[in-house]
Amino acid sequence: MDSSECGLKTNEEIIEELTKDLKSTSVRVEKNCSSTNKNEESDNDSEDLPEETDKHVETNPQNEDSCNSKVPHDLDENRLRDFVDEELLKDREIGLTETEKQSLRDQAEKLKNQGNELFKSGEYMEAISTYTEGIKTCPLAYDKERSILYANRAAAKSKCLEKESAIADCTKAIELNPTYVKVILRRGELYKETDKLGEALEDFKKLNSLHPDNAEWRHEIHKLGQLIEERDEKMKTEMLGKLKDFGNMVLRPFGLSTNNFELQKNPDSGGYNVKFKQNPS
């Protein structure tokens, strides 16, 4: 009787079935091994990643620029260099005796003299640093001494073309000594150099009030007044020109132009009145 007729499997069928099971088992083992290797590689990557990232930051110029973007620019560095924490000085001076304060004043005087020598020899940056140390040393009670230190530092900054910072030091010196003529004059000149004509005019008016007999300062007041008037007229002309261009663009669809409107200056108010003309010439 044939084994296929009795439902029995042939030897070939049994071998094929066993071989098939072995193949599937082998596939499962390979998959598991592959999966295990991938997991191990992933863990290794995770462990190495922070170190690699740190190395990348150190050698990548773009990342360095990103970190350095928070570093102040030159002007800010100058402000940090010159900064005097007066609140800290107040706290320092709370427990000081008068003798100790005078000792600090004497130290500040020495620093001022050192700064003056540096200034005379053309070492302006070193002079600025020395004056700053003097300001930090001198007790707040000595307004006159501190005013001189700020004034001298402003002079050194002017030599370094740090005009805005020099103006700030002049302002501080004037706050401490409102009749400090030399510094008011220096600030007025710095205002002129930085095209702040209105502020310069105010300083020269202040000088004139302190010394009305000074013809040079009166002449400067007159000259600054003319310059300010010329500047303002120029600005008005430029503004009116821009307004005229805009007005023509708006009026064109209606068959009109700004020539249909005449501006007449009011001598009383200094303003302008608008007059409509139907047929402009």
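All of the numbers you see were taken from the coordinates with simple rules; none came from a lab. The model shown is predicted, which means the values in this text are computed figures rather than measured ones. Note that we place each Cβ from the backbone using ideal geometry, even for glycine, and neighbour counts take in every protein chain shown.
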Gain on full stretching of the segment that runs from R79 to T179 - 0.36 nm per residue minus C-alpha separation:
33.4 nm
Quickly work out the E86-to-E98 label distance, labels modelled 7 Å from Cα along the C-beta direction, and quote it in nm with one decimal.
2.4
Using the beta-carbon distance between M249 and E193 and R0 = 45 Å, what value does 1/(1 + (r/R0)^6) give for FRET efficiency, to the nearest 0.05?
0.70
Could you sort 118-125, 161-168 so that the peptide with the highest average Cβ count within 10 Å comes first and the rest follow in order?
161-168, 118-125
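Distance check, please: which entries in K120/K182; K112/K196; K144/K182 exceed 20 angstrom between their Cα atoms? Spell out each step's value before the answer.
Values: K120/K182 18 Å; K112/K196 30 Å; K144/K182 13 Å.
Result: K112/K196 exceed 20 Å.
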Between A151, T99, L88, whose Cα lies farthest towards the positive end of the dipole of region 85-153 when Lys and Arg beta carbons carry +1 and Asp and Glu beta carbons carry -1, centred on the Cα centre?
A151
For K163 and E233 in the same chain, what is the full-extension length gain: residue separation times 0.36 nm, less their Cα-Cα distance, in nm?
22.5 nm
